[in-house]
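For reference, the structure discussed in these notes is given below.
No lab work stands behind these numbers, since they all come straight from the coordinates. Here the structure is a predicted model, which means the values were calculated and not measured. Note that each Cβ is placed from the backbone with ideal geometry, even for glycine, and that neighbours are counted across all protein chains shown.
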C-alpha cells in the first residue's frame with residue numbers, strides 16, 4: 001500500500017520544509033484538500049498555493065474537493081493534479097466527474113462515512129473517508145474497513161484509497177481490506193516518518 005501526504009495540519013510557514021523533508025524520506029505524492037466552507041469546515045488549500053508547493057517539491061499530486069457545487073472548483077486542480085476527487089454527496093458529482101475527465105485528469109469519488117458502499121457506482125476511483133470530511137485530526141473510524149472490503153468486492157479493478165485519521169498501526173488492516181493507498185497527515189508530518197519508512201520505501205513510484 002502506498003501513501004499520499006497531507007499537509008492540512010502543517011502551519012503555512014512550515015509546509016515547504018515539511019514537504020521536502022518527507023520527499024527526502026521517500027514520499028512521492030501529495031494530497032491537497034479544499035473546501036467551500038459549507039460542505040466541510042473551512043480549511044485546506046487554494047489551488048494556487050498547492051500548485052506552487054507541488055512544483056517546488058516535484059511531487060505528484062491529487063486533489064480532494066469538498067464542495068456542494070464541486071464542478072465550479074475542479075478546473076484549477078486539474079492543471080497540476082492527475083487525480084481529482086469530488087464527493088458523491090455533492091449536488092453535481094456526475095457533472096463534476098465528466099468535467100475532470102474532459103480536462104485530462106482522472107476523476108474520482110470521495111465517500112463520506114454515512115454513505116453506503118452500495119450507493120457508490122462501480123469502476124470509478126474512490127476515496128473512502130474514515131472521518132467526517134474537513135475534521136482533520138479526528139480519530140480513525142474502523143467501520144471504514146468493512147466499507148473498503150465491500151467496495152473492493154464490487155469492483156476489483158478500481159483505485160481505492162482511504163483518508164482520515166490514518167496512523168501506522170492501521171496500514172496492514174487497510175491493505176487487507178483492499179486499499180491501494182492511504183492519505184496520511186498528522187501521523188506522518190509531525191516527525192513520524194520513521195514509523196512509515198517501510199511503506200515510503202515501497203512507494204518510490206507512488207503515483208496512483
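Please report the spacing between the Cα centers of the range 25-98 and the range 143-171 in Å, no decimals.
That distance is 20 Å.
For the pair residue 17/residue 142, report the inter-label distance in nm, with labels modelled 7 Å from Cα in the Cβ direction.
3.8
Would you please state which residues of the range 7-51 a label at residue 68 would reach in this model, taking the label point 7 Å out along Cα→Cβ and a backbone N cut-off of under 17 Å?
Under 17 Å, as judged by backbone N against the label point of residue 68, lie 35-43 of the range 7-51.
Residues in the range 160-177, backbone N under 12 Å from the label point at residue 25 (7 Å along the Cα-to-beta-carbon vector): list them, ranges by number please.
Once the point is set 7 Å along Cα→Cβ of residue 25, 168 turn out to lie under 12 Å by backbone N, inside the range 160-177.
Starting with the highest mean, order 84-92, 34-42 by the number of other Cβ atoms within 10 Å, averaged over the residues of each peptide.
On the way: 84-92: 22.6, 34-42: 16.3.
Sorting 84-92, 34-42 by mean packing, highest first, produces 84-92, 34-42.
Out of (1) 13.7; (2) 9.9; (3) 12.6, which label holds the value of mean projected area of the Cα convex hull in nm² that was computed here?
Of the labelled values, this structure produces (2).
What number, rounded to the nearest 500 deg cm²/dmol, is the helix-based mean residue ellipticity at 222 nm of the chain, given -39500 (n - 2.57) per DSSP H run of at least four residues and division by all its residues?
Values: 8 runs with 66 residues, N = 208.
When only DSSP H runs of four or more count, the value is -8500 deg cm²/dmol.
Run the paramagnetic zone check for residue 114: 7 angstrom along Cα to Cβ, then residues of the range 24-45 with backbone nitrogen under 15 Å.
38-41
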